[in-house]
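The values are calculated or read from the model by the stated rules, or taken from the named source; none is laboratory data. Note that this is a predicted model, so its numbers are computed, not measured. Cβ: placed from backbone, ideal geometry, glycine included. Neighbour counts: every protein chain shown. For the accessible areas, the whole protein counts, side chains as well, though only heavy atoms, and no ligand, DNA or RNA atoms are used. Shrake-Rupley method; radii C 1.70, N 1.55, O 1.52, S 1.80 Å.
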Amino acid sequence: MPGVIMENGGHTNHDRQLNGITGGGDKETHAPTTGNVSSSATSGKKAAIIPTQATVAGMPLGVPAGPKEFPPEITRNPGSSVPLSKIIERLSVQSFATLQKKLEELAAMPMPILKVQTNGNMSQSGGGEVDNDEDNIYKKLRLLKFAEATHADFVKVLVITNWSRRAEEVSKVVDLNFYLKNKEFEYTTIVDHMVFLKQKLLAYRIPSPDLKTSVEVLSTGKASWMPDLGFKPVPPMRPQELSKCLDDIDTALSIRLLIEEHDKIPPHFEDYTVSSGRVTFQVHGEFEVDLTIASNDPETQFWFIDFRFAFYPGGSRISALHRADIERRVNYFLLHEGLTGCYKFLHEFVLTHKINEYQKQIRFLNEGKWIRGLKSEYLNRTLSVRYWVNLPGPKSWLLLGVRSGRPEHGQIQPKATSFLSLRWFRDGKEVKDFESPLDPVEVSSETLFKKVIAMHSSHLLKGIREKLKQRALFAEGHAGLSLNTSSHDPLMCYLTLQIGPDKNIKLGIEPTTGRFFITPASMSSRTALQNYHRHATDPITQVPTLIDQLRCQLASQAILTHALTVGWQRFSHTNLRQIERLLKEKTNNQAISFRLFRRSEWSENWLIVASISMSGDCWWMVELSSDKLTIAHVIQVPLQPSSSEPSYSFFMMLNTYAAALASQFVDLRTLHSLKANYLLQPNKHGGTRLKLPNILLRLSQILPPDKAVKTKWASDTMQLAFRGLVRDTNKQVTGSSASTSRRTTIITIARMVIAQSTSMQEMKPRVDRDIAFNNSSGVFAFRLRSQVGESILPMLIEKVNQISRLVELIGVLRSHSRTLTCETLTLDKIVFSYASPADGNSPSSQHSLEEKKHQATISFGTVDTKMKLILEKGNPHLRIADFFTMILNSREGLRGVATYLPITLPLLLAADALETVWESASQKGTVVILARAVDHYILQYQLNSPSLTPNGQATHRTVSLNVELKAKKDKPLWQLTRTDSSADGDEISEALQPLWKSSGNGWQGLRKGAVSFPGGIEELLSKIDEIIRTVKLRTSPPPQAPQAQAKPSGPRIQSSHQQQHHPTQQRQQVKQRLPQPQGRGKPPQGFMQHQQHQQRQQMTPNSTQSQGQCQNRNNNKREVIELESD
């Protein structure tokens, strides 16, 4: 029985009262009635209970105690002791629970029914009838049984408690009993081993040698005790005799097999050879047996000679013991059943041997290469082998056994025989139609299982491939998917999947364990396979899901790695769930994971999102609202899944494409807001896999109405095509720190075609840094720059307006080609040279044109700013540059400037010449040229008079000449008249009379004035100046007008600097010397119409007009000019 140990060392656990047994620390302990127990109390310690006359477990108390310590051979038994307190506690709890259950059962039973008398009173016979009631008796019986059972348990505990008083001695007895039992077991084991060894040695037992006979035979050559039968020894056969004997036996065997046994030979013994006195029957894949005959009598039996296995490994040599047994059995069947019995015996023997060989090899495999991967059972020549034993889910196994070969229904065929049969149960279901992998010649369990597992692996991988083909990524050919199978090697069965442009993975199955593996291995694939194998039940359904998750995880990692490397930034949005939910709706809930990125040089409200799924990786451009909290627009980047494989070049290209897509989206949105029609045209420009469509739009729908009228020189259709990005790096220095900011600029090419009636020969191929013109095709190409997410339409409108203005200027230059020559033509400025008009009055007029050319520059600025005329240093027109600037920005524009520049040039050249002359003749006076307008000038001479004032000061004579532009038959003419108060009757008038009555080269006198063509004004002014300088003034001049009393102190020359930088001072000086002007000068009436008519004539010249012009130049001197009356 198990020992009971005491708590607190060797003391008993009697410090609480149970069933009348009381134990305490310092209190007196009362022993049971079975004996008297004396005790002594010790303060603070438990008193040991020592029995006096009682017996413990039937042992008298007078027996002397055993040894206090056992020898070291006897060890303590540590595992079979239970604390006494635990037993008492468990018994108490059990008793209370049982009592409570009994009370509940009794309370559920019905109460006894009292008898009622006839008058309705209860019976007064006492409680005897109630106590004798059957239900009451049953309740009492139940309570009594409970009390008896509980009492028996507590009695047992009492006995154990008494035993525990000598627990130390009892424990030693238990240990000694355990030691003796072990010794007994060892003795029995040794005896059994000796008996088993003796039985195995029977086969190796050698009989006792007969030494006496051995000595006699070795010494004399015979044994005297052996009888002599009188036989004569057979003489040895010679080789010729032996060969003849074997030939005779061969002949007899052949005759017998062909004649006597031909209908008795089994069908499987039809392959035989006769040679060397024996017939050898060969059964393919099973065995070869050699038989012979001992007589020519056909009724005698065949005799066994030799046996060999016809498969391997079947054993190259059969032991003598087994050979003797085979020979005995074969001769027996040859005697009783002939060749048929011999075949049946050897055939069944070989089949059994093959199954045993398979079992032996499986045992070796399970202990070697395929350790714990197979589990086999052998019963009645049927071998059951289960493979992939550790995989969860349905099991797979093979049944290798012998089938009789007889059909279930029908006649038995003569050749029907038993054979090895293999049944395959795959995932708990038998596979009916499969090619048996059994090889009749080679018996190899490893080869057998390799072939079966190869078929099983191919089946699983084919099912997985069919599931994966349903994914759009593989179904549409965006990713490669191929299956490689083998009939003999399971490691050659694998599924190749393309998860990247240059990255493939192989999914295979381990032959020994049946677990899936992925190569090349990675941490992601390892984790995914571990999670799969933990809950794998249906590989064909679950593995495609595993591939989906793994592919998306690897694609997500590849996207993140490449994106961060090329400068993309991860984006964390507060409403990430909203973005994922929106994109899942757009991808039909096929997206598995998402990645959010943005570029630092992009606008903050644009980001790009990658949704990863087995349908392909989709990229989305997301535009956030102004508060960056909600989604404004979502645009799918139109990429093919095959072209969206993550790589460094792809992300660089995606950056370009996504930025252009965002900008084009903004452009289309702007066109839609303008209610402008547009058309998307395929982009045929090469050089990139990602192509944005071109936009075809109408200029008339995006330009303001007043601007649209001016673009009739061009076709109304314009093309916008994206051409790439330009990255700019700006360095900013703030204090002692420097920062670098990057900016991405979108390059868009806009093309517009000029009208067929518009000629642009003056336009250079490279108009500007961002504008080119092809004269042969008449196409303008604009290079527009914009930021990511910004519309290019405002810049496009500005460029179109600039080109429109440029075309208008070209038309003006063409109409004034005789006087203006374009030098430089850009969008910012136009540089041209000009000269006075060649009217043909002088033979040297054409020759002097090249020598008198001056250069001017018109700065355009932007469309909204004013144009400015810039003249070179020393240009005669500097004095009236402000007037030309006003004309340039008026409705007349460049046409007015181009008209007035050559007309006023001779006049201003003459003015410069006069000022130069009067600088050297300052003692005679000064000359002042005042410009009231571009077509109105005043020449004022301040001449020194020889007479003196009453105060003794010198007096001055003022001569004013008014020069104003007029028109005669749409031809410009300068009209010159004298406007001072002394114009009539003074000596100057008298000196000028001959000039007023004469004419010259391009000018004509008119009694009191003169008129001149622009080319003749210089000569006219020179002659007038010469007369004024040479005239002698009288002593008493007529009284001067009040406005002519100014006394100049020297020559008055209006320099270009003063004209350009002090226009206010110039106006004040003019106000002091001249009366207030009546209005700004205007071109002569009909003069601008004449210029337009002349422009039309120059655009379409003919021979008649050329001849007319030559005649006008030849007859110019004889022409009489008359002014039109006002």
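What is the set of long-range amide H partners of Phe302 at a cut-off below 5 Å, with H atoms built 1.01 Å from backbone N?
Those lying under 5 Å, H to H, from Phe302: there are none.
Determine the gain in length on full extension of the stretch Asn182-Asn296; use 0.36 nm per residue of separation and subtract their C-alpha separation, reporting nm with one decimal.
The span from Asn182 to Asn296 would gain 33.9 nm if fully extended.
In square angstrom, rounded to the nearest 10, how much accessible surface does Thr537 have for a 1.4 Å probe?
Its heavy atoms expose roughly 90 Å² to the probe.
When the chain is fully extended, how far beyond the present Cα-Cα distance does Arg785 get from Thr251, taking 0.36 nm per residue of separation?
181.2 nm
Could you give the size of the charge dipole of region 169-247 about its Cα centre, using +1 on the Cβ of each K and R and -1 on the Cβ of each D and E, expressed in debye and rounded to the nearest 20?
The dipole magnitude comes to about 280 debye.
For Trp388, what is the net charge nearby, where nearby means another residue's Cβ is under 13 Å from its Cβ and Lys, Arg count +1, Asp, Glu -1?
The answer is +4.
Any idea what the dipole of region 442-483 comes to, in debye rounded to 20, about its Cα centre with Lys/Arg Cβ at +1 and Asp/Glu Cβ at -1?
Roughly 160 debye for region 442-483.
Just by accessible area at a 1.4 angstrom probe, what is the order of Cys618, Cys342 from largest to smallest?
Cys618, Cys342
Ordered by residue, what ³J(HN,Hα) values in Hz, to whole numbers, does region 345-353 give under the Karplus form 6.51 cos²θ - 1.76 cosθ + 1.60, where θ = phi - 60° and Gly and Pro are x?
Ordered by residue, 3J(HN,Hα) equals 5, 5, 5, 5, 5, 5, 4, 5, 5 Hz.
Around Thr447, with a cut-off of 11 angstrom between Cβ atoms, what is the net charge of the other residues, counting Lys and Arg +1 and Asp and Glu -1?
Neighbour charge sum, excluding Thr447 itself: -2.
Spelling out what I want: for every residue of region 88-104, take phi, set θ = phi - 60°, compute 6.51 cos²θ - 1.76 cosθ + 1.60 (Karplus), and round to whole Hz; glycine and proline get x.
5, 5, 5, 5, 4, 4, 5, 5, 5, 5, 5, 4, 4, 5, 5, 5, 5
Relative contact order for region 963-1035: what is it in percent, counting Cα pairs under 8 Å that are at least 6 residues apart?
About 29 percent, as a whole number.
Show the residues, 5+ positions off or on another chain, whose built amide H is closer than 5 Å to the amide H of His956.
Result for His956 returns Ser945.
Sorted by accessible area with a 1.4 angstrom probe, largest first, how do Thr748, Thr824 fall?
In descending accessible area the options line up as Thr824, Thr748.
Of the accessible area of region 969-1030, with the probe set at 1.4 angstrom, what percent is carbon plus sulfur?
44
With r defined as the distance between the Cβ atoms of Asp210 and His322 and R0 fixed at 30 Å, what FRET efficiency is calculated, to the nearest 0.05?
Using R0 = 30 Å, I get an efficiency of 0.55.
What accessible surface, in Å², does a 1.4 Å probe find on Met455, ignoring ligands, DNA and RNA and rounding to the nearest 10?
Per-residue accessible area (Met455): approximately 50 Å².
Looking at region 311-416, which GluC sites (Glu not before Pro) are in a loop (DSSP not H, G, I, E or B) and have at most 10 other Cβ atoms within 10 Å?
Glu408
If you roll a 1.4 Å probe over region 457-592 with all protein chains in place, what percent of the accessible area is carbon or sulfur?
48
With every protein chain in place, what's the accessible area of Arg363 (1.4 Å probe, Å², nearest 10)?
Answer for Arg363: close to 110 Å² accessible.
Using a Förster distance of 22 angstrom, determine the FRET efficiency expected from the C-beta separation of Thr916 and Lys853, and round it to 0.05.
According to the calculation, E is roughly 0.60.
Find out how many positive minus negative residues lie around Leu420, taking Lys and Arg as positive, Asp and Glu as negative, among other residues whose Cβ is under 9 Å from that of Leu420.
+2
Once phi is turned into ³J(HN,Hα) by the Karplus curve 6.51 cos²θ - 1.76 cosθ + 1.60 with θ = phi - 60°, what whole-Hz value does each residue of region 783-794 show in order, with x for glycine and proline?
Per residue, the Karplus-derived 3J(HN,Hα) values read 9, 9, 10, 8, 7, 5, x, 10, 7, 9, 5, x Hz.
Measure out, as a whole number of angstrom, how far apart the alpha-carbon centroids of region 201-256 and region 804-818 sit.
What the calculation gives is 140 Å, centre to centre.
Given a Förster distance of 30 angstrom, what is the FRET efficiency for Ser384 paired with Val191, based on the Cβ-Cβ distance and rounded to 0.05?
For R0 = 30 Å, the calculated efficiency reads 0.20.
Probe radius 1.4 Å, ligands and nucleic acids left out: which of Tyr272, Tyr657, Tyr678 has the largest accessible area, and how do the rest follow?
From most accessible down to least: Tyr678, Tyr272, Tyr657.
Just to check, using Stokes-Einstein with a Kirkwood Rh over alpha carbon pairs, what's the diffusion coefficient of region 254-345 at 20 °C and 1.002 mPa s in µm²/s?
My calculation gives 158 µm²/s for D.
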